[in-house]
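The values are calculated or read from the model by the stated rules, or taken from the named source; none is laboratory data. Values in this document were obtained by computation on a predicted structure and should not be read as measured data. In this analysis, Cβ positions are derived from the backbone assuming ideal geometry, glycine residues included, and neighbour counts consider all displayed protein chains.
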Amino acid sequence: MTMDKAIAYAQENRERFLRDLNELLEIPSVSTLSQYAGEIQRAAEWLHLRLTKLGFGARLLPTGGAPIVYGEYRHAGKDAPILLIYGHYDVQPAEPLEEWVTPPFSPAVRGQDLFARGASDMKGPLMTYLAALESVLAVQQLPINVKFLIEGEEEIGSPHLADALANNRQLLDCSVVLNGDTMILRPDLPTIIYGLRGLAYYELRVETAEHDLHSGIFGGAVPNAGQVLSELIAGMHDSQGRVTLPGFYDDVLPLSEEERAELARIPYEEKEFLTQSSGYGVIGEEGYTVTERLGARPTLEVNGLLCGFTEEGSKTVLPARAMAKLSMRLVPNQRPENVQGQLEAYMRERAPSWLRWEVIDLAGCPAGVVRRDTTEMQAAVRALEGTFGVRPVFAREGGSVPVVGLIQEILGRESIMMGFSLPDDNLHAPNEKFHLPNFEHGIEAYIRFLYELAK
């Protein structure tokens, strides 16, 4: 009866919850650009005040970078489970601004979607947590103990998170972690993500001369840095779509037949996939389905290229330097620190002897795979089934959330990855959105999850 009252409270207060979300979305808390440092602090203080108003003991934990917002509610008794809720309040840059239909930090509703930078990743899910907790607190004390860990550096690889976890083990001790920084596959298909890929991110720089040269006078005799780098990058995949870095697959944990059967339950249609991605075709590693490629196999991608003249008009220049941003999505057993050695080994094997090159490590985190047979996971299954009326599917997600693997390694705790973003929410892209029916379903599912855990 109290759970039903909490769900009813959430429905009655939907518009106010949405206004609160809009207020948070208006803060441009971009973590990768130093000019937004003040906005990062403002977002942290906004969440600190919000948790305090809900009755949580809240404080900001210094990290050497963006502060962590910590909060705890410990009124359910010492024998009650402790749920640690993870989130992040930082967002990606909004550029290119000209591709946004409405300004990125001025939230706008079009149809059933709320558009703003951070709407789906992950200020919308953050407010889903808070709305669910307020709804339960409106009818009773929380049936379990709850802690919050909300960081401000997830979008830059969480560089200070490992130390923060290690330095606050006792403070962050818990029974299980709830992580909403994931997605469901469709608005009518609840999904529990049980695996996330890790990340290794590098900048590769090459140099072929002391300075740029005239392409007419020297072209054809002096190497072109752009061409050299392009040829090296082209060789990083073979004709079967496999990465050619030496030893890249040595530590890859293969999929079991049971996992492949579970992943095969996920409905897949190439037309729908292309619509969601806005892509023109499907590629990938031979011998694996698209679902397996997206979440359970490692990748190497070019995230950016820079060399020579790129302004309007023409300039006949022979570039002396070129740079590429490369990211590798990693699967269980692969380690970011090993991948850098594999990339450097590739360069030693393939690069011309006269080429000057450098690999710069920018970010990295391990993959995370959690158990599907725990009592806490079954509580999540019941919460989603009670909300949507259908049993959820288990899936692996291709993105990286560093905290999942770090919490496993440092705190020794499993995460329930139960989020409500959609594949077509334009995460990290212009016109990011959050599907408002998912906002409502997420609040109800989290309410149900609290009560299911209390059982």
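Within region 256-281, being surrounded by 11 or more Cβ atoms within 10 Å (Cβ to Cβ), over 22 Å from the mean Cα position of the chain (by Cα), under 20 Å from residue 329 (Cα atoms) and of a type outside the set (Lys, Arg) holds for one residue alone: 259.
For region 278-385, which fully contained strands (runs of 3 or more DSSP E) count at least 3 residues that are in contact with a Phe, Trp or Tyr (Cβ under 8 Å, 6 or more places away or on another chain)? Correct list: 321-330, 356-365. Among the residues of this structure, residue 196 counts as one that is in contact with a helix residue (DSSP H, G or I) (Cβ under 6 Å, 6 or more places away or on another chain) and modelled with pLDDT under 95.
Taking residue 413, is it in contact with a strand residue (DSSP E or B) (Cβ under 9 Å, 6 or more places away or on another chain), closer than 28 Å to residue 264 by Cβ and outside any helix (DSSP H, G or I)? When the stated conditions are applied, residue 413 does not pass them.
Against the numbered list (1) assigned to a strand (DSSP E or B); (2) under 30 Å from residue 414 (Cα atoms), residue 21 comes up short only at (1).
Take the residues in region 120-161 that are touching a Cys at 6+ places or on another chain (Cβ under 8 Å) and within 14 Å of residue 402 (Cβ to Cβ); name whichever of them is surrounded by the most Cβ atoms within 10 Å (Cβ to Cβ). Going through the qualifying residues, I end up with 158.
When residue 167 is tested against (1) in contact with a strand residue (DSSP E or B) (Cβ under 6 Å, 6 or more places away or on another chain); (2) surrounded by fewer than 24 Cβ atoms within 10 Å (Cβ to Cβ); (3) within 21 Å of residue 65 (Cβ to Cβ), exactly one condition is not met: (1). Note on region 222-253: residues that are assigned to a loop (DSSP other than H, G, I, E, B) and either in contact (Cβ under 8 Å) with a residue 60 or more places away in the chain or surrounded by 13 or more Cβ atoms within 10 Å (Cβ to Cβ) (or both) amount to 15. The condition (being closer than 30 Å to residue 384 by Cα and assigned to a strand (DSSP E or B)) is satisfied by just one residue among 204, 199: 199.
Residue-by-condition table, conditions (1) surrounded by fewer than 16 Cβ atoms within 10 Å (Cβ to Cβ); (2) assigned by TED's automatic domain parsing to the domain that holds residue 97; (3) within 22 Å of residue 139 (Cα to Cα):
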{"site": "6", "(1), (2), (3)": "no, yes, yes"}
{"site": "11", "(1), (2), (3)": "yes, yes, yes"}
{"site": "16", "(1), (2), (3)": "yes, yes, yes"}
{"site": "29", "(1), (2), (3)": "no, yes, no"}
{"site": "47", "(1), (2), (3)": "no, yes, no"}
{"site": "52", "(1), (2), (3)": "yes, yes, yes"}
{"site": "56", "(1), (2), (3)": "no, yes, yes"}
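Summed over region 318-361, the residues that are surrounded by 16 or more Cβ atoms within 10 Å (Cβ to Cβ) and within 25 Å of residue 218 (Cα to Cα) give a count of 10. Of 76, 66, all but one fail to be more than 21 Å from residue 24 (Cβ to Cβ) and assigned to a loop (DSSP other than H, G, I, E, B); the exception is 76. Residue check: is residue 333 in contact (Cβ under 8 Å) with a residue 24 or more places away in the chain and on the phi > 0 side of the Ramachandran plot? Here the answer is yes, as residue 333 does meet what is asked. In the condition set (1) touching a Gly at 6+ places or on another chain (Cβ under 6 Å); (2) in the same structural domain as residue 436 (by TED's automatic domain parsing); (3) within 22 Å of residue 332 (Cβ to Cβ), residue 177 is compliant with all but (1).
When residue 87 is tested against the conditions (1) over 13 Å from residue 123 (Cβ atoms); (2) not in a loop (DSSP other than H, G, I, E, B), the lone failure is (1). The listed residues are 364, 419, 398, and the only one of them that is within 17 Å of residue 192 (Cβ to Cβ), in contact (Cβ under 8 Å) with a residue 24 or more places away in the chain and crowded, with 21+ Cβ neighbours inside 10 Å turns out to be 419.
The number of residues in region 24-42 being in contact (Cβ under 8 Å) with a residue 40 or more places away in the chain and either assigned to a loop (DSSP other than H, G, I, E, B) or farther than 24 Å from residue 109 by Cα (or both) comes to 8. Examine region 84-93 for a residue that is crowded, with 22+ Cβ neighbours inside 10 Å, among the aliphatic types (A, V, I, L, M) and in contact with a Cys (Cβ under 9 Å, 6 or more places away or on another chain), and state whether such a residue exists. Yes, there is a match, as at least one residue in region 84-93 is crowded, with 22+ Cβ neighbours inside 10 Å, among the aliphatic types (A, V, I, L, M) and in contact with a Cys (Cβ under 9 Å, 6 or more places away or on another chain). Name the residue that is surrounded by the most Cβ atoms within 10 Å (Cβ to Cβ), counting only residues in region 178-196 that are part of a loop (DSSP other than H, G, I, E, B) and among the charged types (D, E, K, R). Taking the candidates together, the pick is 181.
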